[in-house]
Amino acid sequence: MAIRFSEEMIGTQFHPEADAEGMLAYFQEPERREHIIKEHGAERYAQMLADLEEDDKIELTHRTILPNFLKDAMDSFKRRLVIA
């Protein structure tokens with residue numbers, strides 16, 4: 001999801017916890033499917049479903065971003081942890 005604030009600035013919503021299987025089920029819900037097709041067309045809907053099967057898209061993000069973020073956060077926390 002994205003919103004354009006101006007020609008120079010776009011905000012996006014990012015969900016690193018999303019996985020392909022869950023997103024497929026979500027996009028295939030009848031109400032969601034109808035909404036996407038109405039707003040973006042059947043071709044875009046089909047492309048969204050096809051993109052879920054690409055290993056270099058949502059699955060790569062799911063396997064990389066969230067685990068690395070959590071690891072870095074825990075490493076940072078451990079460095080500051082003082083055991084009394």
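Where in the range 1-69 are there helices (runs of 4 or more DSSP H), lying wholly inside it, with at least 1 residues that are in contact with an Asp or Glu (Cβ under 6 Å, 6 or more places away or on another chain)?
Counting at least 1 such residues, we get 20-27.
Consider only pairs whose beta carbons are under 6 Å apart and that are at least six residues apart or on different chains; among these, list those whose first residue lies in the range 12-27 and is closer than 19 Å to T64 by Cα and whose second residue is part of a loop (DSSP other than H, G, I, E, B).
Once the first residue is closer than 19 Å to T64 by Cα and sits in the range 12-27, its partners that are part of a loop (DSSP other than H, G, I, E, B) give Q13/M1; A20/L52; M23/L52.
Values in this text are rule-based calculations from the coordinates and carry no lab data. Remember, it's a predicted structure, so these values are computed and weren't measured experimentally. Virtual Cβ from ideal backbone geometry, glycine too; neighbours counted across all protein chains shown.
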